[in-house]
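Please read the structure below before turning to the comments.
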Amino acid sequence: MAKIGVFDSGYGGLTILREIRKVLPEYDYIYLGDNARAPYGTHSFDVIYRYTLQAVQYLFDQDCALVILACNTASAKALRTIQQNDLPPFREGRGRLVNVLGVIRPTVEAVPAITKNGHVGILATPATVSSESYVLELEKIAPELTIVQHACPMWVPLIEAGEHNEPGAKYFIGKYLREILAKDPQIDTLVLGCTHYPLMKERIDNWLEFRHELDESEFPQPTDSPKVTTIAQGELEADSLADYLARHPEYREQLSQNGTCTYLTTENADRFAQSALNFIGEKIEAETISLGA
Ligand code: DGL
């Protein structure tokens, strides 16, 4: 029997795994965080593709039939190439069905129903922003939307270092939010287009709610700007996976159902377990593995 693999460059995918396990607790999961090589979001296409492929291959070798790229950067840069070029030989070699799913499509599909005024902002890593994946996908299903994107290169490093709840993180939270709102002050919907960002969602929402009262007189926020809703991806991805399994019995019937989760990291296992406790509020045991060069 097979498992479901959930992959991210680091801790961010835990925000997706947590919601998936709420909706689909019966299945067996393997979480893999490539913490030793995070962040991915500042790397080139070639590097992101190579690292992601190594992780997918590793998870297939651990008997995963489905791998969720719980990482927008990997979904934006590597998913299509893996689906088109790498999956057919994987399937032949293993003599079983295997598939890889991303996080961008389920998020994009939710956006048009959430925005009231059609002004949407995408916050993501530099790699996701440069791929234009969100803009291209949104334009296909909702060409009437006004979309701006903004890269937040410091947010993932802050989270990976466990510094995102410290007072110093406030500077970078305000900086990127101010910058995207300067591009379009009418934004009413902000997509947190990186699975790490929900770990700062409370602070982001707090800044947005009280932005007109901040003592940042050199960056005054227009008082007529709308209330902003932030979108985290966990629940969207969980519902999308449940829907996928309902429509694909050929995968569902391969999956074992003991409700377990194994945690793998390319970094120190104790550090991963400690951080995971802070992030998902659950005490876990982790194991260190190597994905290659
Ligand atoms: N969680 C990844 C994402 O959704 C983080 C990328 C990174 O490692 O920079 O994009």
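Assess whether Ile204 counts as being touching a strand residue (DSSP E or B) at 6+ places or on another chain (Cβ under 7 Å) and within 16 Å of the ligand (Cβ to nearest atom).
In short, yes.
Just checking, how many residues over the range 1-20 are more than 8 Å from the ligand (Cβ to nearest atom), closer than 23 Å to Ile48 by Cβ and charged (D, E, K, R)?
Residues meeting the conditions: 0.
Considering only residues that are of a type in the set (Phe, Trp, Tyr) and crowded, with 17+ Cβ neighbours inside 10 Å, which ones fall in the range 158-200?
Phe172, Tyr176, Tyr197 - these are the residues of the range 158-200 that are of a type in the set (Phe, Trp, Tyr) and crowded, with 17+ Cβ neighbours inside 10 Å.
Please work out if Ile16 is more than 16 Å from the chain's Cα centre (by Cα) and farther than 15 Å from Leu291 by Cβ. So that I can check it myself, show each step before the final result.
Numbers: more than 16 Å from the chain's Cα centre (by Cα): no; farther than 15 Å from Leu291 by Cβ: yes.
Taking the combined requirement at face value, the residue does not satisfy it.
Of everything in the range 36-53 that's among the polar types (S, T, N, Q) and either within 12 Å of the ligand (Cβ to nearest atom) or crowded, with 24+ Cβ neighbours inside 10 Å (or both), which residue is modelled with the highest pLDDT?
By that ranking, first place goes to Thr52.
Which residue, of Leu241, Leu264, is buried (at least 17 other Cβ atoms within 10 Å of the Cβ), touching a residue at least 24 places away in the same chain (Cβ under 8 Å), outside any helix (DSSP H, G or I) and not basic (Lys, Arg)?
Selected residue: Leu264, the only one of Leu241, Leu264 that is buried (at least 17 other Cβ atoms within 10 Å of the Cβ), touching a residue at least 24 places away in the same chain (Cβ under 8 Å), outside any helix (DSSP H, G or I) and not basic (Lys, Arg).
I need the full set of residues from the range 134-157 which are surrounded by 15 or more Cβ atoms within 10 Å (Cβ to Cβ) and more than 11 Å from the ligand (Cβ to nearest atom), in order please. Write out each step before concluding.
Of the residues in the range 134-157, the ones surrounded by 15 or more Cβ atoms within 10 Å (Cβ to Cβ) are 134-135, 137-138, 142, 145, 147-157.
Within the range 134-157, Tyr134, Val135, Glu137, Leu138, Ala142, Leu145, Ile147, Val148, Gln149, His150 meet the criteria.
Are any residues in the range 272-283 of a type outside the set (A, V, I, L, M, F, W, C), in a helix (DSSP H, G or I) and without any contact (Cβ under 8 Å) to a residue 40 or more places away in the chain, and if so, which ones?
Listed by number, the list holds a single entry, Gln274.
Just checking, does the range 188-201 include any residue being more than 28 Å from Ala38 (Cα to Cα) and modelled with pLDDT of 95 or more?
yes
Just to be sure I understand, how many residues within the range 169-198 are assigned to a helix (DSSP H, G or I), over 11 Å from the mean Cα position of the chain (by Cα), within 16 Å of the ligand (Cβ to nearest atom) and within 15 Å of Thr230 (Cα to Cα)?
1
Which pairs do you get when a residue that is over 18 Å from Leu66 (Cβ atoms) and of a type in the set (Gly, Ala, Ser), found in the range 14-41, comes within reach of a residue that is within 16 Å of the ligand (Cβ to nearest atom) and assigned to a helix (DSSP H, G or I), reach meaning Cβ atoms under 7 angstrom, with the pair 6+ apart or on two chains?
If the second residue must be within 16 Å of the ligand (Cβ to nearest atom) and assigned to a helix (DSSP H, G or I), the pairs left are Ala38/Val156; Ala38/Glu160; Gly41/Thr73; Gly41/Pro126; Gly41/Ala127; Gly41/Thr128; Gly41/Val156.
The values are calculated or read from the model by the stated rules, or taken from the named source; none is laboratory data. No experiment lies behind these values; they were computed from the predicted model shown. Please note: Cβ atoms are built from the backbone with ideal geometry, for glycine as well, and neighbour counts cover all protein chains shown.
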